[in-house]
1. Hey, any hits in region 65-80 for a residue that's β-branched (Val, Ile, Thr), touching a helix residue (DSSP H, G or I) at 6+ places or on another chain (Cβ under 6 Å), surrounded by 12 or more Cβ atoms within 10 Å (Cβ to Cβ) and in a helix (DSSP H, G or I)?
2. Please go through region 100-140 and pick out each residue that is in contact with a helix residue (DSSP H, G or I) (Cβ under 7 Å, 6 or more places away or on another chain), hydroxyl-bearing (Ser, Thr, Tyr) and either part of a helix (DSSP H, G or I) or over 18 Å from residue 86 (Cβ atoms) (or both).
3. Just to be sure I understand, how many residues within region 106-132 are touching a Phe, Trp or Tyr at 6+ places or on another chain (Cβ under 7 Å) and in contact (Cβ under 8 Å) with a residue 40 or more places away in the chain?
4. So is residue 55 surrounded by fewer than 16 Cβ atoms within 10 Å (Cβ to Cβ) and farther than 18 Å from residue 136 by Cα or not?
5. Starting from region 1-15, keep only residues that are in contact (Cβ under 8 Å) with a residue 60 or more places away in the chain and charged (D, E, K, R), then list their pairs with residues that are in a loop (DSSP other than H, G, I, E, B) and surrounded by 12 or more Cβ atoms within 10 Å (Cβ to Cβ) whose Cβ atoms are within a distance under 8 Å, requiring at least 6 positions of separation or different chains.
6. Say whether the condition of being surrounded by 16 or more Cβ atoms within 10 Å (Cβ to Cβ), in contact (Cβ under 8 Å) with a residue 12 or more places away in the chain and either under 25 Å from residue 90 (Cβ atoms) or of a type in the set (Phe, Trp, Tyr) (or both) is met by at least one residue in region 25-35.
7. Among residues belonging to region 114-140 that are over 10 Å from the mean Cα position of the chain (by Cα), aliphatic (A, V, I, L, M) and farther than 20 Å from residue 12 by Cβ, point out the one that is surrounded by the most Cβ atoms within 10 Å (Cβ to Cβ).
8. Looking only at residues in region 87-104 that are among the small types (Gly, Ala, Ser) and over 14 Å from the mean Cα position of the chain (by Cα), which one is modelled with the lowest pLDDT?
Amino acid sequence: MQEEGTLAPDGWSAARERFDALGPTARTVVREVAKAMEFDREEYDERVTSEVVETARRTLFAERLRVRVADAAAFEAWRGDADVAVHVVGNDQVDRVAWHVAPAADSAVAATFQSEPAAAVATVRRMAFNRLYREELCDP
């Protein structure tokens, strides 16, 4: 089994703490990208909104999530022992699976794949944020 990423919060408090801590990083990333794109002050003020910074923060959080990648047999063995609900997307007839476990949500998400593990990991991270973390971490 292979793991990608380091973020695996064991509860909502840890998830919120990490998500909140990414706010300044998101602002810095957006500011530096705007600078590289040579935004002048007026364009920066017009285009760099709080929504843009929030999107960066959500992306930074999701991109750090720990995703396990293994063959289907290893995933099924893990799933048999797991005490969480698992939402799986993809085709059951492929050889590999990528998944993220969110203990705070008592859930996991998984995506099956044949090739392109990087794409599967990216899919799982998006699914995990949107299905498992968004509602709890983001302001309504």
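1. So far as region 65-80 goes, no, none of its residues is β-branched (Val, Ile, Thr), touching a helix residue (DSSP H, G or I) at 6+ places or on another chain (Cβ under 6 Å), surrounded by 12 or more Cβ atoms within 10 Å (Cβ to Cβ) and in a helix (DSSP H, G or I).
2. Within region 100-140, just 133 meets the criteria.
3. Adding up the residues that qualify gives 3.
4. Values: surrounded by fewer than 16 Cβ atoms within 10 Å (Cβ to Cβ): yes; farther than 18 Å from residue 136 by Cα: no.
So residue 55 fails the test.
5. Matching pairs, first to second residue: 3/66; 4/66.
6. Going through region 25-35, the residues surrounded by 16 or more Cβ atoms within 10 Å (Cβ to Cβ) turn out to be 26-27, 29-30, 34.
Of the ones still in play, those that are also in contact (Cβ under 8 Å) with a residue 12 or more places away in the chain are 26-27, 29-30, 34.
Still in the running and either under 25 Å from residue 90 (Cβ atoms) or of a type in the set (Phe, Trp, Tyr) (or both): none.
No, region 25-35 has no match at all.
7. Restricting to residues being over 10 Å from the mean Cα position of the chain (by Cα), aliphatic (A, V, I, L, M) and farther than 20 Å from residue 12 by Cβ, the top hit is 120.
8. Within region 87-104, the match that is modelled with the lowest pLDDT is 104.
The values are calculated or read from the model by the stated rules, or taken from the named source; none is laboratory data. Because the structure is predicted, anything quoted here is derived from the model rather than measured. When we count neighbours, we look across all protein chains shown, and the Cβ atoms used for this are built from the backbone with ideal geometry, even at glycine.
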